[in-house]
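What follows is a set of notes on a single structure, which appears directly below.
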Amino acid sequence: MSRSEHIELAGRTQDSQGFELAGDCGIRNVDEIAAALRERAGSDMRIDARGLTGVDVCVLQLLVSASKSAAAAGHTLSIDAGAGGALDLAIDMAGLADAFRDSLKPSPT
């Protein structure tokens, strides 16, 4: 990934593991994002996506799939999209609000 798009991995915090998605993430980043999700399978996860400047439908599909897989295993995937941010806008434009209903979380204050 170039410097303008990255996945930044955060350490374990209480019962969840998290990472950050930033920059313009698309199909070229799906393998790296999927690997980060696989590494955290079997636990609750949190993704900070407030730093995204762009996101395509490939990443949206991956996040929906990861959320469903986590739920099936009894875990949660929480995504902080930031109100009005790139991820929030992409979800709205793709008509996927219902698919993300359980995973989108408000920003911590």
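The values are calculated or read from the model by the stated rules, or taken from the named source; none is laboratory data. Owing to the predicted nature of the structure, the values given are computational and were not obtained by experimental measurement. All Cβ positions, glycine included, derive from the backbone under ideal geometry; neighbour counts span all protein chains shown.
Numbers below:
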quantity: Condition met for Ala49 (more than 14 Å from Ile33 (Cβ to Cβ), of a type in the set (Gly, Ala, Ser) and touching a residue at least 12 places away in the same chain (Cβ under 8 Å)); calculated: no
quantity: Meets criteria (at pLDDT below 90 and of a type outside the set (S, T, N, Q)) for His6; calculated: yes
quantity: Selection within the range 15-33 - of a type in the set (A, V, I, L, M, F, W, C) and surrounded by 14 or more Cβ atoms within 10 Å (Cβ to Cβ); calculated: Phe19, Leu21, Ala22, Cys25, Val30, Ile33
quantity: Residues located in the range 31-49, provided they are within 10 Å of the chain's Cα centre (by Cα) and over 21 Å from Ala73 (Cα atoms); calculated: Asp48, Ala49
quantity: Qualifying residue in the range 71-78 (condition: surrounded by 14 or more Cβ atoms within 10 Å (Cβ to Cβ), under 9 Å from the mean Cα position of the chain (by Cα), among the hydroxyl-bearing types (Ser, Thr, Tyr) and closer than 24 Å to Ala41 by Cβ); calculated: yes
quantity: Per-region count, the range 38-63, residues within 23 Å of Gly95 (Cβ to Cβ) and buried (at least 17 other Cβ atoms within 10 Å of the Cβ); calculated: 9
quantity: Residues (in a loop (DSSP other than H, G, I, E, B), among the aliphatic types (A, V, I, L, M) and at pLDDT 95 or above) located in the range 74-109; calculated: Leu96
quantity: Val59, sole failed condition from (1) over 15 Å from Ile33 (Cβ atoms); (2) within 12 Å of the chain's Cα centre (by Cα); (3) outside any strand (DSSP E or B); calculated: (1)
